[in-house]
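To start, the structure itself, in structure tokens.
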Amino acid sequence: MEMQINRYIQELLYQHECVTIPHFGAFLTRSFQAKVSAQGQFSPPRKEVNFNQLLTANDGVLAHYYAQKESVSYEQALRVIEKEVSSWKRRLQTQTLRFPGVGEIRLNSTRKIEFIPWGKVNYDLKAFGLHPFKRDPLMTNTTLKLMENSNKEDLMFTPEKKESSSKKSPVLRYAAIGIIGIALLSASYYFGDQYVTKERVLAQEQAQKQIEKNVQQASFDLGILDPINVNLTAAPKNIPLDQVYYSVIAGSFRSIENAEKKVSQLVGEGYPAALAEVNPDGLYRVAYGRYNSKKEAINMLYFLKYTLQEEAWYLEEK
């Protein structure tokens, strides 16, 4: 059971910046851009993992993912996670907790939680196929060899004119050596830069293909939907149409008067209630709340369904 939860935490870190373990803490990812050092060391983009023991409120992400993977209910998934967390807390008093691919958690000398990241797994999907490497310099010691040989014999002139030319134009000899050196430096910079650019483009193409493959594998087959005739009606003036809202719906009403009465009732109970978008059948939807953040809407939905036992459903308004 523990290995399954650890594996699901690792899988969720590829998709989310924060994975919260209820009543225990949260694993957070921090992004870093790709860079090339002055010494030619290339580092791909990456995400590093940290741990925050203060973030313990259940956001539903881990429990929902566990329930989906194990084909159990949301409540059963919560009970399994709570049981495992209790075991972790007991073991943490005397042992080090290891999360494969993520890191280790232990108590330091002052009995405070200390997190040591694994550091070997890159959770940035954009870096798929990319590995750190060092670009070897293309410039050789040819220039130095030419300068040494120039003190002994000038090979750029024919034997017949060698003696007279070496006496009359020593400046030309060093100028030619300088030109060769500059050409070598320019070539090394150009071809080195071309190599890094080519490798980066190839790696990004591979990463994009893998991301598209993952998205296709995660898609759901909804079958063939029957065509729906939609009657467009003017939306109530207090509902903007140019913004995405994530709403928790309390009910739908045929009459706008009844919908507004329901909104007033929910506002009186302390909810940030409002009218949502009208459904295709012309019914006026009343929302417990309309949020700009999907996470806030999901948290409200779980609170209503599993804590207050209220009837509610989630709607994404686009």
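The values are calculated or read from the model by the stated rules, or taken from the named source; none is laboratory data. Keep in mind that what you see is a predicted model, and the values were worked out from it rather than measured. Note that each Cβ is placed from the backbone with ideal geometry, even for glycine, and that neighbours are counted across all protein chains shown.
Can you pull out the residues in region 1-26 that are more than 13 Å from the chain's Cα centre (by Cα), at negative phi and part of a strand (DSSP E or B)?
Thr20, Ile21, Ala26
Taking region 306-318, which residues are out of contact with any helix residue (DSSP H, G or I) (no Cβ under 9 Å at 6 or more places or on another chain), of a type in the set (D, E, K, R) and part of a loop (DSSP other than H, G, I, E, B)?
Answer for region 306-318, where residues must be out of contact with any helix residue (DSSP H, G or I) (no Cβ under 9 Å at 6 or more places or on another chain), of a type in the set (D, E, K, R) and part of a loop (DSSP other than H, G, I, E, B): just Lys318.
Cβ contacts < 7 Å: first residue among the basic types (Lys, Arg), restricted to region 109-121; second residue assigned to a loop (DSSP other than H, G, I, E, B) and modelled with pLDDT under 90, any location; separation 6+ or different chain. Result?
That search, which allows pairs on different chains as well, returns nothing.
Any residue in region 30-49 that is closer than 30 Å to Lys305 by Cβ and either modelled with pLDDT under 90 or not polar (S, T, N, Q) (or both)?
No - not one qualifying residue is present in region 30-49.
Anything in region 58-71 that is outside any helix (DSSP H, G or I) and surrounded by 14 or more Cβ atoms within 10 Å (Cβ to Cβ)? List them, or say none.
Of everything in region 58-71, those that are outside any helix (DSSP H, G or I) and surrounded by 14 or more Cβ atoms within 10 Å (Cβ to Cβ) turn out to be Asn58, Asp59, Gly60.
For region 86-95, state whether one or more residues are part of a helix (DSSP H, G or I), under 27 Å from Lys305 (Cα atoms) and at pLDDT 90 or above.
Within region 86-95, one or more residues are part of a helix (DSSP H, G or I), under 27 Å from Lys305 (Cα atoms) and at pLDDT 90 or above.
If I ask for residues that are assigned to a helix (DSSP H, G or I), loosely packed, with under 14 Cβ neighbours inside 10 Å and of a type outside the set (D, E, K, R), which ones from region 264-305 would you list?
Answer for region 264-305, where residues must be assigned to a helix (DSSP H, G or I), loosely packed, with under 14 Cβ neighbours inside 10 Å and of a type outside the set (D, E, K, R): Ser264, Gln265, Val267, Gly268.
Among the residues of region 50-61, write down those that are closer than 18 Å to Thr307 by Cα and not charged (D, E, K, R).
Within region 50-61, Thr56, Ala57, Asn58, Gly60, Val61 meet the criteria.
Look through region 34-57, keep the residues that are in contact (Cβ under 8 Å) with a residue 60 or more places away in the chain and part of a loop (DSSP other than H, G, I, E, B), and return whichever of them is farthest from the chain's Cα centre (by Cα).
Gln39
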